[in-house]
Each structure stands twice: as structure tokens, then as C-alpha cells.
1. Please work out the FRET efficiency for the pair LEU61 and GLU225, using the Cβ-Cβ distance as r and a Förster radius of 30 Å; give the result to the nearest 0.05.
2. In whole Hz, with x marking every Gly and Pro, tabulate ³J(HN,Hα) for segment 320-335 from phi via Karplus 6.51 cos²θ - 1.76 cosθ + 1.60, θ = phi - 60°.
3. Would you mind computing, in nm to one decimal, how far apart the modelled labels at GLN265 and GLN277 are, each placed 7 Å from Cα along Cα→Cβ?
4. Which angle between 0 and 90 degrees, to the nearest 10, do you get for helix 522-537 versus the longest principal axis of the chain when only C-alpha atoms count?
5. Tabulate in residue order the Karplus-calculated ³J(HN,Hα) for segment 348-353, using 6.51 cos²θ - 1.76 cosθ + 1.60 with θ = phi - 60°, rounded to whole Hz; enter x for Gly and Pro.
6. Compute the relative contact order of the chain as a whole-number percentage, counting only Cα pairs closer than 8 Å that sit 6 or more residues apart in sequence.
7. Do me a favour and compute the ellipsoid semi-axes for the chain from its Cα gyration tensor, root of five times each eigenvalue, largest one first, whole Å.
8. Taking amide H atoms as placed 1.01 Å from N in the peptide plane, list the residues 5 or more away in sequence, or in a different chain, whose amide H sits under 5 Å from that of ALA489.
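Each reported figure results from applying straightforward, stated rules to the coordinates on display, with no laboratory input. Since the structure is predicted, the reported quantities are computational estimates derived from the model, not experimental observations. Every residue, glycine as well, gets a Cβ built from its backbone with ideal geometry; the counts of neighbours run over all protein chains shown.
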Amino acid sequence: MNLFSLKMRASNSNTGYLSGAEKIVNKHELHTYTNALLHRALHHSKGAADEITMKVEPVQLSDIQRLEALPVKTVEVANHYEGIKEVKKLLLQLGLQQAEEIIEMLSSCSSMRGAILLDVDTMKRLEPDQERGIRATYMDANRSHFQEDLTKKNHFQEALVLATKVAHAPNVIGEICISDDPDYVTGYVASKEFGYVRITKLKQKGSHLGGRIFLYRHSESGVNETIAYLEKQKIVVDLGLSKRLNEAKQQDKWRKIKSDLASLQENHLYRSFNEIQTAQEAHVKMHDREYVMLASNSYLNLCNHPGVKSYALQMGEAYGIGSGGSRLTTGTTTLHRLLEEMIAEFKETEAALVFNTGYMANVGVISSLLSEGDVIFSDELNHASIIDGCRLSKAKTVVYKHNDMNDLEEKILAHSCENGLIVSDAVFSMDGDVVNLPELMRLANQYGLFSMIDEAHSTGVLGERGRGVCKYFQLTQKPDIIMGTLSKALGGEGGFVCGDKLLIEYLKNKARSFIFSTSLSPVTSASAIEALRLIMNDDTQVTKLQENIAYFNECLQAHGISARSNSAIFPIVVGSEQAALDASAKLFDHGYFISAIRYPTVAKGSARLRVSLMADHSKKELSEAAKLIKKYIGNV
């Protein structure tokens, strides 16, 4: 059998050594594996290589030592501090009292291509070339046990092969390793005594820290024998992967989920519920204490409106509590028709269509109107439902700078298309600012693109009688597609789309999130009908909300807080996730429910308090809130 040792080493003039890999392959496999290792070198997370060395050497079958892989164990830890503690325990298990000193030496390995060979009794480094270190080479796994993606590094498999060889080297009692890959935080400690122990976090994500130490115990007369084995002995490791990986999975199939949750907690991104014991109003009760609700989207305070509840109960008696099917089968009632007619009247469009949620409306509309080959121009701060709709459409999505119409036009000119869409929030849910709709529509009309506006946070808030962003700008022409929700200012549940009849007929037949969902319940539809009727006939709540918006701007200005808003949403940007959580907790202590908004809802480093106003907040409550915010966050 013609066998060859294939080695790849990659480096970059800016970052230095990038990666290395090696295989022991048959002659007919050389071309395949050479291409695969070249691909890895050119697509490394630390950058593309600008110098790649490939070395091919013949190998005699009789020279290969076959080893069974070390037994595998995984230790779950919440963060890298706990991971280092686990390393210390394992080193102590090997009888090494200088555990902390050994771990500190790992930080000096990051720039080395090889490993430290450390005399654990004298703490003396034994590598002949301490800049290069000792490289364990000429090794591979028995591939009869698994299928591999040749172009990707399998951290676990390659580390287990290396650790098994090192553990069998003469005079070596163990090894510690942390990968220098910034995206891979798992490391290990290995020895014949306890096997290969994977520790899920040994550094922070994004860290280039990495290195390995071979733990040597013998007189210095044995060093040459040890190095010769590590650098020259050909090894093939029988991973028995199907068995070993199954054992690892059975050991803890929830490993990734636990690790992800621990990471969220470590980075102050873990979320939990706040259980409210009363109806959603300007004042709520939690934990048997009353709070001023300054975090709700129920801007007009209609969730518990007596008239809305009365009409919903009345229609529930008449139509029941469920619709029994999708709209195109058995799920359309008279109430659905009345609701859609009322939405179209309120938004002054030809027709409307109701979806189960605003999320489903955005996903359904965008994915049905656009497809592969089309182009979508999307504001960088658009809601997640818009982003997901763009992804599902398979159209090319071009993200333009937030509310920057110059950047939008530049990107339109750079991406010509037969069919395209500009889509934006009307009021941005985490920033509270208003889209530059006149200019957006001018660009859409000039370049023959559809225009779509998400009015989730502007309906009931902006413009005459809360009719939305078009009234806010006093436009006579409307966007091609107006989307909104029934679940915010209208106090209920559901989403809607309105526009020309042609659009609505198309969506009835093409929007999958509409076609394949059981329709809104009669009770939900009725509550939306009555809420719309209220604000169309009486603008009291809308006027009170708009007055509160103006007053809270004055309060913030009086306390030197630079946040401004023309909507009900006021973002008080704090910065760090922990600072936002701390401020929110202190406000809770004073009876003010104001949420801390963190990544991934907003960008990292821009955590904030999101204050959202209701029509029924008193001026005293708003003034006190501004004073407390200033007290706990200072100048922002």
C-alpha cells in the first residue's frame, strides 16, 4: 500500500502562524486531501493565509504504530474561570502541586507553533528551540470509523488524535491545551491516567489566547527519546468514533443547550419572565406590589378598556372562542371581514388582510412578494420579523445605514434589479425615531421599487387620530404596502397588511403564514374592531399620548438626559449590559417597570432602558421617572 504523510502549515504576514494540519493518506487520496487542506488554510477564522507550505513524504506501513484513542469525558462549565478551576483539579490529580504556575505558562505559548515541554518537577522548559516548541507530528485517525468534511477543522477529532499520541510518548504524564482559534473556546487536559477531558470553556470567545504544554517527568536524559517519539513516530489512532461520540452524546445530549444558557448568564444576556398579576395598564401588580408600567407597547391603554372587553365578550357569546380553521377553509367569520374593512378605512387604503401576528405578517408579505433574483433594501435597524422575511424570500438583501436616504440611493444605484423592495419600520422599536418616509417613497417611485412600511409602533401613536406615519407627514400618496399590528396601541393581538386590492388578493393566495394558519379567534377580532372604533370616533387617548410624549421630552431635557423622541418610545442608551440591568433593577425598587434591552435585540455595547409611554401616565409619574433615570444612569 502506497502511503504518504501530508502536512500543511499556513501563516499570515500580519498575524503570524495561522494553522496546521496533517494526514496519512493513500496515494489516490493525495489530490483530494491536498485541496481540502489548502481550502482550510485560505478560510481560517483569523484570516486568509498568504504563505502555505505543503509537505508530502512516503510512509511505510510497517513504521506506523496503531493506538486506541483515549477515553473521552466532557466537563460542562459556565465560564472560563470555572474551566481553569477544573484544569487545576486535574493537574492536582496528576500530583502536580504547581498547578497555577503551569496554567500561567499557557499565556506564553500563543505565538509558538509547537508546545512547551515542561519538566513538572523542576518547572524547567526542555524544548531545544523555545520559540518554535515541540511539534507532535506524523499522525492521523483511522477514517474507516467516520465520514469527515475535509474542508473544515474538526477540533474534537484532531485534538483527540494528538492527545492520544502525546499521552503514549515516553516520559510524558499529561498535556494541557487551549486552541488559539478565537471562535473555539473548548480546551482539554489529557493523560493515560484519566483519559481525554474536554472542558467546555477555557477562554472567552474572540480571544486569540492558546497554547499547549506537554507535562514531562523524568531525568533530562530522556528528553531526546520523548522528542523523537513526538516528532518522528508515525501514529494512526483508532477513534472508534461512532461508539465514542455516542457515549459522549449519551453522557449529556443537553451539553450545547446548557453551555449556551451559561454563556448568556455570564454575559448578562439571560432573560426570564416578569409575571404580571393584573391587566396590562399604566399601573400593574407584580409580586403583590404596584408598579408604574413604562415598558408596555399598549400605548393607548386599551388592553383593559371596559368597552373593548364588553364587545369582545358579546361577540364571544355569538361566535365562540375559536375559528376552527384557516381563513381559506372554515376560518373566515363576519368579524374577520368587518375588521379588515375597518382597518382599510382607518388607513385609507382599498383593502386589508389580517394575520395572526405582526411577525407573521412581515414574514408572509416579504417572502411571497420577493424571491431569488430580486433585491430588498432594508434599514439596518429593522425589526427581526422583517429580517427573517428577507431571509425566507431568498432575494438579495442589501442593508442600508439607518434612516440614511443618501446611503439608500447609493445602494439602489449599485444594485439594479427587475423586481425590488424598500422596507423600513415606521417607528423603530428600540430607538423610537421615525422613518424619513417622504424621501423613502421618492426613491421607491424614482427607481421603480415597491415601498413597504411597518407601522407596528406608529399606528395609534402618530398623526391625526393615530392614523400613522402617512398622516404624521401629511402625505397624500401612501406606500405600496402598509403593515401594522393589533397588539400594541390597539391593545389586542394580530397583525395586518393594507394597500391596493391587487396586493391583498395576491397575499390571500401566496402568503404562506396566512394560508397555513388557523385564523384569529372571534374574540380577538372583536376586541380589535372595538378598539379601532374607539379611536376613530374619539381622539382623546391619542391626544393624551401625544401630550405625554411632548412632556416627557421636556422632563428628560430638564434633567440633562439627551434622549429625544417623537414617538412613544424613548431609548436611554446606557452601554454595558450589566449597567442597563442594574439601572432597571433600581428603578424596579422604586416601583417603575422599565425594561433593560440588551444584545441581540440591540447591538453589543448599546444596551439601554426602553421607556414606552401610555396615554394614561400622569405628568407626576413621568417627571419622577425622568428624575430616577438621571439618578441611576447619570449622563448618557
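1. 0.80
2. These are the phi-based 3J(HN,Hα) values: x, 9, x, 8, x, x, 6, 4, 8, 10, 10, x, 9, 10, 4, 5 Hz.
3. About 2.7 nm, to one decimal.
4. Value to nearest ten degrees: 60.
5. Karplus-based 3J(HN,Hα) across segment 348-353 equals 6, 10, 5, 7, 8, 9 Hz.
6. Worked out over the chain, it gives 12 percent.
7. Ellipsoid half-lengths, sorted descending, are 60, 29, 23 Å.
8. Residues meeting the amide H criterion: TYR299.
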